[in-house]
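The values are calculated or read from the model by the stated rules, or taken from the named source; none is laboratory data. Please read these numbers as outputs of a predicted model, since none were measured by experiment. Note that each Cβ is placed from the backbone with ideal geometry, even for glycine, and that neighbours are counted across all protein chains shown. In case anyone asks, the SASA skips ligands and DNA or RNA and just uses the protein heavy atoms, side chains included. Shrake-Rupley method; radii C 1.70, N 1.55, O 1.52, S 1.80 Å.
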Amino acid sequence: MLLRNIAYIDENFLPQKGDVAVADGRIAAIGEHITGDYGEVIAGEGRLLLPGFINAHCHVPMTLLRGYGEGLPLQEWLNERIFPFEDRMTAEDTYWGALVGIAEMLASGVTSFSDMYSFCESVCEAAKLAGIKLNMSRGIVEFGDGGLYGSTRHAESERLIDAWNGACDGRIIAETAIHTEFTTNERVVREQAEYAKSRGVGVHVHLSETRREHVEGLQRRGVTVAKYFEDTGLFDSRVVAAHCTHVTEEDMKILQRHGVTAVHCPSSNLKLGSGIAPVPRMLELGVNVALGTDGASSNNNLNMLEELHLAALIHRGAAENPTLTPPEQMLRAATVSGAIAQGRADTGLIKVGYRADFAVLDTDKPHLTPTHDALSSVVFSAQASDVCMTVVDGRIVYKDGEVLLFNAREAMNKAAAAARRIA
């Protein structure tokens with residue numbers, strides 16, 4: 001395709017205007033008056049092209065639990081509501097819940113997401129059908145003293161990596177995961193660290209999501225959760241650490257030293273009363289900070305534009321400092337920083353040679369008029385309903401309110417029926 005005379009956010013996150021050409025799944029040319037046959041020509045007037053959003057921490061099948069278990073702190077929420085519901089979910093339930101969540105994400109310009117869940121192959125099948133990118137991992141839980149290799153969850157993780165890592169021309173990446181410090185023992189964490197290194201795959205983990213987790217982890221281990229994971233070797237691989245809401249100064253330096261990505265999930269952390277991650281300080285220390293929605297059970301949506309908006313605001317209010325988290329910094333967190341987290345070196349930017357993973361906003365709207373600063377408009381004014389096109393590897397997967405590669409209505413009906421049965 002050739003997007004003609006369109007406003008776009010360039011690789012330096014500066015607003016520009018010109019032509020953007022796509023060929024063979026990549027951005028082939030950027031400039032003025034591009035010539036050549038690139039197929040469909042799309043008029044760019046009243047449109048803004050930006051890198052696709054990367055949801056760096058999600059549990060997408062939890063759309064089935066949207067609004068279920070309200071008003072509880074994290075550990076009671078998990079043990080009394082979430083875990084019992086999930087124990088009754090099937091692979092088919094997971095598939096339909098994943099498709100509903102993917103439809104929601106595509107509609108808000110998400111081109112890739114990182115997920116940790118069970119029935120991983122069902123989530124992969126949903127992503128394959130929908131045309132979206134996915135980093136998938138099976139969360140390991142071990143409350144006893146057993147090891148990794150006797151775990152049915154690890155067996156599922158191995159099947160996932162063997163069958164799906166690099167599938168769909170690299171759209172799907174399979175990884176490993178540790179659910180949390182408090183749901184695993186040290187033997188499992190150490191064995192998972194070695195396994196991830198031996199397979200050359202990334203690790204997804206929840207880290208210091210609540211003050212209780214931080215304090216009790218310190219009491220159990222004698223060190224903070226981040227230091228514990230460092231000591232067990234978990235950080236020797238590419239690691240995505242979700243939440244990081246209660247990390248210390250030394251914890252943040254550990255993350256930076258090992259290249260660990262901290263995924264900021266402001267909606268989930270606020271809804272569950274978990275706190276606010278020290279994002280400005282992490283960014284100041286050079287930690288790679290990405291954005292995530294978490295699951296729809298704790299958010300309650302998968303709208304990355306809303307997450308971007310909130311992430312840019314709360315730190316200013318908390319610190320009473322309007323200069324924090326500027327739009328360019330937060331837009332980077334929602335795009336290229338997520339690509340780094342996923343190990344995808346060729347996406348996250350509007351740049352020649354990069355994968356054509358992008359979203360197009362309809363800016364011909366009252367709430368986007370006038371536009372004095374395009375980045376500010378995206379972060380502080382834009383809505384998910386402004387997304388008129390989502391493109392993954394040069395393929396249009398969402399356009400003008402419609403998911404193109406699967407029947408979203410069927411997925412919604414199936415997911416609703418599954419949720420009713422389980423609840």
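Miscellaneous remarks
- Nearest-ten-degree value, helix 249-258 long axis tilted from longest Cα axis of the chain: 70 degrees
- Rolling a 1.4 angstrom probe over the protein heavy atoms with all chains in place gives the chain an accessible area of 37 Å² per residue.
- For the stretch 164-229 and the stretch 359-423, distance of Cα centres in Å: 32 Å
- Gaussian network model of the chain, Cα within-10 Å springs - most flexible of 266, 327, 84: 84
- Förster radius 41 Å - calculated FRET efficiency between residue 37 and residue 162 (Cβ-Cβ, nearest 0.05): 0.50
- For residue 399 and residue 70, the difference between the fully extended length at 0.36 nm per residue and the C-alpha to C-alpha distance is 115.1 nm.
- For the residues 342, 75, 329, a GNM of the chain with alpha-carbon springs under 10 Å puts the largest fluctuation on 75.
- Gyration tensor over alpha-carbon atoms, the stretch 126-176, equivalent ellipsoid semi-axes in Å: 26, 10, 7
- Acute angle (nearest 10 degrees) that the helix 91-106 long axis makes with the longest principal axis of the chain, alpha-carbon atoms: 40 degrees
- Near-label residues of the stretch 208-226 by backbone N, under 18 Å of a point 7 Å along Cα→Cβ of residue 141: 208-210, 213
- More than 16 angstrom apart: percent of Cα pairs within the stretch 1-78: 63 percent
- The stretch 363-423: mean projected area of Cα convex hull, nm²: 6.5 nm²
- For the chain, the normalised intensity computed at q = 0.07, 0.09, 0.12, 0.14 Å⁻¹ comes to -0.31, -0.51, -0.93, -1.28 (log10 of I(q)/I(0), Debye sum over alpha carbons, equal scatterers, no solvent).
- Cα pair distances of the stretch 209-272 binned at 5 Å [whole percent]: 4, 18, 28, 26, 17, 6, 1
- Taking 234, 50, 313 as the candidate residues, the one with maximal mean-square fluctuation in a Gaussian network model of the chain, Cα springs under 10 Å, is 313.
- Most to least packed among 294-305, 367-378, 269-280 [average Cβ atoms within 10 Å]: 294-305, 269-280, 367-378
- Model label points for residue 236 and residue 216, set 7 angstrom from Cα along the Cα-to-Cβ axis, are 2.9 nm apart.
- For the stretch 62-113, convex hull volume per residue from C-alpha positions, Å³: 92 Å³
- Note that the stretch 188-233, at 37 °C in a medium of 0.692 mPa s, gets a Stokes-Einstein diffusion coefficient of 289 µm²/s from its Kirkwood radius over C-alpha pairs.
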